[in-house]
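The values are calculated or read from the model by the stated rules, or taken from the named source; none is laboratory data. A quick note: this is a predicted structure, and the numbers were derived from the prediction, not measured. Because the Cβ atoms are built from the backbone with ideal geometry, glycine has one as well, and the counts that use them run over all protein chains shown.
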Amino acid sequence: MKTIAAVATFCTVFLAGAACAQSTLRIGLAEDPDILDPTLARTYVGRIVFASFCDKLFDIDEKLNVVPQLALSHETSADGKEVVIKLRPGVKFHDGEPLDAAAAKYSLERHLTMQGSFRKPEIAALDRVEVVDARTVRLVLKTPYSPLIAQLTDRSGMMVSPKAATAAGDRFGLHPVCAGPYKFVQRVPQDRIVVEKFSDYWDKDNVHIDRIVYLPIVDATVRLANLKSGGLDLFERALATDIKEIRSDSKLKLSTALELGYQGIDINVDNGPAARNPLGSSAEVRQALSLAIDRDALNAVVFNGEFVPGNQWVSPEHPYYQKSFPVPKRDVEKAKALIREAGASTPFDVDFMVPKGEETQAVAEVIQAMAAEAGINMKIRVTEFATSLKQAEAGEYQAYLLAWSGRTDPDGNLYIFHKCRAPQDYPGYCNAGADRLLDEGRLVSDFSKRKAIYEQLTKIILADDPKLYLYHRRVLIAHTTRLEGYKQMPDGLVRVVGLRLK
Amino acid sequence: MLTFLGNRLLQLIPTLFFVSLIIFCLQQLLPGDPALVMAGEERDPEVIAQIRRQYRLDQPLPVQYVYWVKGVVTGDLGESMRIKVPVRDLILEKLPVTVQLATMAIVIALVIGVGAGIISAVKKGTLWDYAANVLALWGISTPNFWLGIMLIFLFSVKLGWLPASGFVHLSQDWRASLAATIMPAFVLGNAIAAVLMRHTRSAMLAVLDSDYVRTARAKGLRERTVILKHAMRNALTPVITLAALELGTLLSGAVLTEQIFSIPGFGKLIVDSVFNRDYAVVQGVVLVTATTYLALNLLADVAYILVNPRLRG
């Protein structure tokens with residue numbers, strides 16, 4: 001009775017009493033998304049919302065295989081400079097306009113040329129898009145670019161209605177019109193985003209819920225309280241420390257997947273004067289720090305052993321993980337010997353910049369305790385995130401604890417971090433051999449050949465250690481057992497097709 | 001009176017000018033680069049340069065300030081960099097939310113604070129007095145975020161009576177609206193009630209000790225009449241001033257409480273905007289809040305003149 005009363009209250013509270021006859025899925029978000037225009041959007045949380053109303057040319061499955069969505073197939077030419085994409089027939093945008101080759105060309109060109117587009121760097125290899133016939137487009141590239149199809153499984157592959165986008169210009173995100181299972185209804189910034197079932201969706205037989213309401217609730221404890229009290233049906237980014245509580249509640253379920261990203265420590269090797277210290281100037285000392293860290297213990301202490309220790313830019317379960325370079329075991333004696341060999345006198349201080357946050361601070365403290373045993377005094381400096389970014393870019397740090405949410409293609413976890421002077425080369429790392437291999441990895445599409453290139457690269461990066469890779473988090477999605485058919489993908493997005501509410 | 005009002009209004013202009021200058025300069029002192037925050041996880045240099053151009057972040061500060069003031073004068077507070085919505089629309093959307101929450105909180109604070117203050121003064125030295133003092137101490141020393149989470153745990157998770165978070169406008173459904181705002185309003189009101197209780201108590205004690213109250217009692221008036229009609233009316237003047245000040249603070253947004261209960265008001269807007277370095281929004285909200293303060297101050301001055309003819313000059 002209590003539950004019924006609660007559900008009734010929530011229907012009234014959240015939906016103003018209008019939609020309880022319909023089925024409504026209420027999803028709790030950790031932040032309020034930015035603009036809902038796939039070309040201009042940049043946040044992770046925004047991608048979660050897009051998943052309900054903006055379909056992409058391709059999608060990924062649990063094993064990271066590319067699967068069709070708005071496109072049926074793709075074929076890359078032998079020289080890697082042309083990709084022909086066949087579109088799914090009978091697809092309509094929410095305004096009734098057809099998704100044909102001209103519309104696909106429009107969307108891709110919009111991503112590529114619109115002022116302020118965040119997609120431009122993702123598909124910069126694209127020279128032009130040609131319409132072959134009503135259902136076929138040809139993507140002509142400036143140079144071969146193997147991560148292209150993976151990019152089209154994310155926002156770069158989202159198709160927008162040319163009519164609506166032309167009319168709205170850069171205000172398109174206030175009322176987006178795409179070709180997804182749900183259509184946009186309303187957004188109240190910082191309060192809610194409402195979408196409702198699109199009756200002409202190409203896969204409408206698998207859409208069983210009438211409405212979805214996204215509610216940004218910043219505090220993870222409050223998100224969990226809402227789920228428990230019936231105010232939410234699902235929420236993203238549960239805390240690792242709440243896993244036990246969620247699992248012990250018979251009305252709740254936890255869906256997880258190993259993330260595509262990683263948590264690591266950037267080490268300033270050559271980005272300004274701060275790099276001049278034993279850690280910045282000696283690869284041996286960096287290896288020593290890596291050896292001083294017990295990744296299993298770190299995972300056990302801070303995350304109840306729920307995450308996965310790692311030492312590369314992809315997790316040990318990823319197809320591109322190099323098994324010949326396994327996660328190192330802790331070896332303090334060897335670490336001390338390496339520091340001695342490098343001629344550094346211990347103990348020495350390292351300015352350790354840590355973005356503010358409960359979990360990051362806990363991780364930093366564990367690392368500090370472990371490193372101290374090898375004679376490395378990590379002086380933690382907790383810094384607000386936006387400030388830490390600015391300081392990292394300016395080289396005002398010696399070590400920086402930084403996470404990356406990850407991309408489907410390994411290049412997305414690599415290139416912008418390790419290529420000399422790339423946007424996120426905060427350590428100031430430059431190695432001609434690594435640069436050559438990073439470029440080669442972009443040209444080759446064949447899995448085995450590419451993996452072999454990355455094996456050589458792994459050897460170089462792990463020897464130089466401009467970034468220490470620590471662990472891979474799990475995407476933690478908590479939901480009610482009333483929700484059926486939920487499957488978690490590694491990208492952390494909440495896919496809504498096929499879901500049912502009991 | 002009109003000359004006085006005219007003078008005060010004229011004084012508002014330089015004050016607002018300085019306020020705008022301070023808001024603008026303080027904001028620029030915030031560490032971190034808005035373009036870097038806006039550029040997404042990839043932080044591509046080309047994208048960053050484009051953002052700097054688009055929002056004139058590449059221009060010298062005085063130029064940026066002039067552009068901003070020019071907009072403000074014509075009623076254009078700029079646009080949120082993050083969601084591309086005009087700041088004016090955002091403020092108009094959040095204002096009713098904050099006003100509703102602030103009003104409910106102040107009503108709760110007045111009922112609890114003034115009530116407990118009077119009882120505690122009248123029953124000085126009794127169990128009632130001690131209980132009210134303990135209540136006040138509790139109210140002052142309980143952190144908002146803790147009380148908020150505890151209330152959610154009790155009334156939403158355990159009892160299932162109230163929604164854990166969210167907001168519904170009064171115009172949409174007044175019952176749901178009250179259900180959604182009662183907990184945050186109580187959290188806010190509770191802390192203010194404690195302050196009001198202490199002030200009411202001391203003011204009442206002073207008044208109850210005065211000659212005219214003794215005279216009233218000597219005349220044989222009923223105790224109830226003495227307290228409510230003679231003592232309370234005089235004792236409440238400083239309390240009302242204090243309550244008005246607290247209302248002003250509430251109207252500028254209750255940062256923590258709005259975050260915990262996901263109330264989309266001024267507090268949440270300003271926190272999100274500061275963390276995202278959404279300068280235009282921060283500037284707009286602070287300017288509106290400052291103007292509200294100045295307006296409330298002016299109203300208070302006018303009220304004093306109305307009450308006290310000697311000030312009319």
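What the table shows:
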item	result
Any chance residue B:156 is within 14 Å of chain A (Cβ to nearest Cβ), more than 25 Å from the chain's Cα centre (by Cα) and more than 21 Å from residue B:255 (Cβ to Cβ)	yes
Residue match in segment B:278-289 (condition: more than 17 Å from residue B:100 (Cβ to Cβ), among the aromatic types (Phe, Trp, Tyr), assigned to a helix (DSSP H, G or I) and away from every other protein chain (no Cβ under 14 Å))	no
Complete set of residues in segment B:84-104 that are crowded, with 20+ Cβ neighbours inside 10 Å and on the phi > 0 side of the Ramachandran plot	none
Residue check for residue A:408: polar (S, T, N, Q), surrounded by 18 or more Cβ atoms within 10 Å (Cβ to Cβ) and more than 20 Å from the chain's Cα centre (by Cα)	no
Condition broken by residue A:49, with the remaining ones in (1) within 19 Å of residue A:406 (Cα to Cα); (2) in a loop (DSSP other than H, G, I, E, B) satisfied	(2)
Condition broken by residue A:283, with the remaining ones in (1) farther than 21 Å from residue A:499 by Cα; (2) touching an Asp or Glu at 6+ places or on another chain (Cβ under 7 Å); (3) buried (at least 19 other Cβ atoms within 10 Å of the Cβ); (4) not basic (Lys, Arg) satisfied	(3)
Entirely in segment B:24-83, the helices (runs of 4 or more DSSP H) that have 3 or more residues that are more than 14 Å from chain A (Cβ to nearest Cβ), loosely packed, with under 15 Cβ neighbours inside 10 Å and of a type outside the set (S, T, N, Q)	B:61-73
Residues that are in contact with a strand residue (DSSP E or B) (Cβ under 6 Å, 6 or more places away or on another chain) and without any contact (Cβ under 8 Å) to a residue 40 or more places away in the chain, drawn from segment A:292-337	A:296, A:327
Single residue of A:384, A:365 found to be modelled with pLDDT of 95 or more and of a type outside the set (Lys, Arg)	A:365
Residue satisfying condition, being surrounded by 12 or more Cβ atoms within 10 Å (Cβ to Cβ), closer than 20 Å to residue B:112 by Cα and small (Gly, Ala, Ser), within set B:206, B:235, B:216	B:235
Of all residues making up segment B:174-198, the number that are closer than 12 Å to residue B:117 by Cα and either within 14 Å of chain A (Cβ to nearest Cβ) or outside any helix (DSSP H, G or I) (or both)	0
Every residue from segment A:34-54 that is buried (at least 22 other Cβ atoms within 10 Å of the Cβ), within 8 Å of another protein chain (Cβ to nearest Cβ) and without any contact (Cβ under 8 Å) to a residue 40 or more places away in the chain	A:34
Which numbered condition residue A:124 misses (of (1) within 14 Å of another protein chain (Cβ to nearest Cβ); (2) among the small types (Gly, Ala, Ser); (3) farther than 19 Å from residue B:44 by Cα)	(3)
Residue ranges of helices (runs of 4 or more DSSP H) in segment A:262-322 with at least 2 members over 26 Å from the mean Cα position of the chain (by Cα)	A:278-281, A:283-292
Counted residues, segment A:7-33 - those being modelled with pLDDT of 85 or more, surrounded by fewer than 24 Cβ atoms within 10 Å (Cβ to Cβ) and part of a loop (DSSP other than H, G, I, E, B)	3
Number of the exception - residue B:165 against (1) assigned to a helix (DSSP H, G or I); (2) surrounded by 14 or more Cβ atoms within 10 Å (Cβ to Cβ); (3) within 8 Å of chain A (Cβ to nearest Cβ)	(1)
Positions within segment A:456-502 being farther than 26 Å from residue A:46 by Cβ and either acidic (Asp, Glu) or touching a Cys at 6+ places or on another chain (Cβ under 7 Å) (or both), in sequence order	A:464, A:465, A:484
From the options A:380, A:367, residue that is more than 14 Å from chain B (Cβ to nearest Cβ) and buried (at least 20 other Cβ atoms within 10 Å of the Cβ)	A:367
Top-ranked residue of segment B:240-262 - restricted to ones that are of a type outside the set (Ser, Thr, Tyr), more than 14 Å from the chain's Cα centre (by Cα) and surrounded by 23 or more Cβ atoms within 10 Å (Cβ to Cβ), ranked as modelled with the highest pLDDT	B:261
Residue within segment A:444-458 that is aromatic (Phe, Trp, Tyr), part of a helix (DSSP H, G or I) and modelled with pLDDT of 95 or more present	yes
Failed item, numbered, when residue A:421 is tested on (1) of a type in the set (D, E, K, R); (2) surrounded by fewer than 22 Cβ atoms within 10 Å (Cβ to Cβ); (3) under 17 Å from residue A:150 (Cα atoms)	(3)
Given (1) away from every other protein chain (no Cβ under 14 Å); (2) closer than 21 Å to residue B:266 by Cα; (3) surrounded by fewer than 18 Cβ atoms within 10 Å (Cβ to Cβ), index of the condition residue B:170 fails	(1)
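For (1) of a type in the set (S, T, N, Q); (2) in a loop (DSSP other than H, G, I, E, B); (3) away from chain B (no Cβ under 14 Å); (4) over 22 Å from the mean Cα position of the chain (by Cα), each residue gets a yes or a no:
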{"site": "A:414", "(1), (2), (3), (4)": "no, no, no, no"}
{"site": "A:421", "(1), (2), (3), (4)": "no, yes, no, yes"}
{"site": "A:424", "(1), (2), (3), (4)": "yes, yes, no, no"}
{"site": "A:427", "(1), (2), (3), (4)": "no, yes, yes, no"}
{"site": "A:436", "(1), (2), (3), (4)": "no, no, yes, yes"}
{"site": "A:471", "(1), (2), (3), (4)": "no, no, yes, no"}
